[in-house]
Amino acid sequence: MPPAAAIRHPLLIACFLSLGPALSLGLARFAYALLLPSMRGDLHLSFASAGALNTANAAGYLIGAIASVGWAHRLGARKVFLWGCMLTVASLALCGITRSYALLLALRLAAGVSSAMVFSIGGVLASKLASQHAERAGLVLGLYYSGTGLGIVLSACLMPWLLEGGGSHWQWAWFALAVLGSLATLLVWRPSGQITIAASTQGAHHRWPFKPFIPALLGYFCFGLGYIGYMTFNVALLKQQGASGGQITLFFSLLGLAVCLSSRLWASLLDRYRNGRPLATLNLLVGIASVLPTLNPSFALALLSGVLFGACFLSVVASTTALVRHNLPQDHWPAGIALFTSTFALGQIIGPTAVGWLSDGAGLEKGLLGSGLALLLGAVLAWWQPALALPRKESV
């Protein structure tokens, strides 16, 4: 690919970049929902202990989100992005060689750090690409974030087959995720080099007025708190409700496909509004999706929940990137995206263990209901986010 390919084929470059979210979220975080029932049974974990593995991942994600801006400033955005991919693959492989709960916690923490390097700095690269093609900016950002769906679909097709034998087969599943992650890293390596970011925009620590973003930040915190409970325990709930392996594959695959298609679904919404309306609308829909399976154990209702959730939840993330891009100059984008990512990560740290603790005491339905209520609160808070009258500089 010649250097001009990023200009002539922005959607193709966005599709390659989307392999970053496919690895950092689809494989390294959300596939854990498929492994959780097997690991919980084999390692004799409570829901709270199983949830704590995702809490460790979220804690690492917070560390990575805060540190990656400085690393990108010193080393370059692409280098941090690719190092994050390689370290994430390594952490997945290492999860397959241990049965120690303490070591698994440490590895999930490490995977969180490297995943944040991939996801947040990849978001900076995608924002730069979007700025070069303003007429398709919403679609470019949507394509980047929707790559998570590809990771979810691949996990859904592969994991149930690998976990069929029960027992310690979950360890082989981690190795399979590492193989898929290695392939994603190889495929994104060269295309990621087509986007160049000047040193001043690679993550310098600019001071900017974050207080006007407080409604959106609070809404995004609630999103992190609520969505992760659903994505951690949805498969466990389906198993508890009697779903077969084939039904779980169908559920997770449809959820992932909905994520992939969501880029076109919400592109115009992200382009049209400079305020918190997109974040509020999508938070509301994700909240409704989280509550649906708690109302009735019907598998049809679970499928509706999964499709609605998948069609919206990664677009919530894209909406915050769009909010930053619409309201801040380009040299503030890395700091703005990092702040939103850190706020999101704080919610994720609390969510899995809190939902697991609630589920141990009151049942999984009540745990997921709590997730849904947090998301609905986030929608109300984000609705009050105004567009900012700040200078906007988008250098191409």
Quick check: is even one residue across the range 357-369 within 14 Å of the chain's Cα centre (by Cα), part of a helix (DSSP H, G or I) and not basic (Lys, Arg)? no
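Residue check: is residue 56 touching a residue at least 24 places away in the same chain (Cβ under 8 Å) and within 20 Å of residue 145 (Cα to Cα)?
no
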Residue selected from the range 46-68 under the condition open to solvent by less than 10 Å² (accessible area, probe 1.4 Å) and closer than 10 Å to residue 117 by Cα, by the criterion farthest from the chain's Cα centre (by Cα): 68
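For (1) outside any helix (DSSP H, G or I); (2) in contact (Cβ under 8 Å) with a residue 24 or more places away in the chain; (3) crowded, with 20+ Cβ neighbours inside 10 Å, each residue gets a yes or a no:
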position: 72; (1), (2), (3): no, yes, yes
position: 89; (1), (2), (3): no, yes, yes
position: 92; (1), (2), (3): no, yes, yes
position: 99; (1), (2), (3): yes, yes, no
position: 106; (1), (2), (3): no, yes, no
position: 110; (1), (2), (3): no, yes, yes
position: 114; (1), (2), (3): no, yes, yes
Being under 18 Å from residue 93 (Cα atoms) and either assigned to a helix (DSSP H, G or I) or in contact (Cβ under 8 Å) with a residue 24 or more places away in the chain (or both) narrows 130, 176, 156, 137 down to just 176
Residues to consider are 81, 16; find the one that is part of a helix (DSSP H, G or I), touching a Pro at 6+ places or on another chain (Cβ under 7 Å) and not β-branched (Val, Ile, Thr). 16
In the range 364-371, is there at least one residue being over 20 Å from residue 219 (Cβ atoms), modelled with pLDDT of 85 or more, open to solvent by 50 Å² or more (accessible area, probe 1.4 Å) and of a type outside the set (Phe, Trp, Tyr)? yes
Selected residue [open to solvent by 20 Å² or more (accessible area, probe 1.4 Å), of a type in the set (A, V, I, L, M, F, W, C) and either at pLDDT below 85 or not in a helix (DSSP H, G or I) (or both)] from 390, 346: 390
Residues that are modelled with pLDDT under 90 and of a type in the set (A, V, I, L, M): does the range 97-109 have at least one? no
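The values are calculated or read from the model by the stated rules, or taken from the named source; none is laboratory data. The structure presented is a predicted model; accordingly, all values stated were derived computationally and were not measured. Glycine gets a Cβ as well: all are built from the backbone with ideal geometry, and neighbour counts include every protein chain shown. Note: accessible area is taken over every heavy atom of the protein model, side chains too, but ligands, DNA and RNA are not part of it. Shrake-Rupley method; radii C 1.70, N 1.55, O 1.52, S 1.80 Å.
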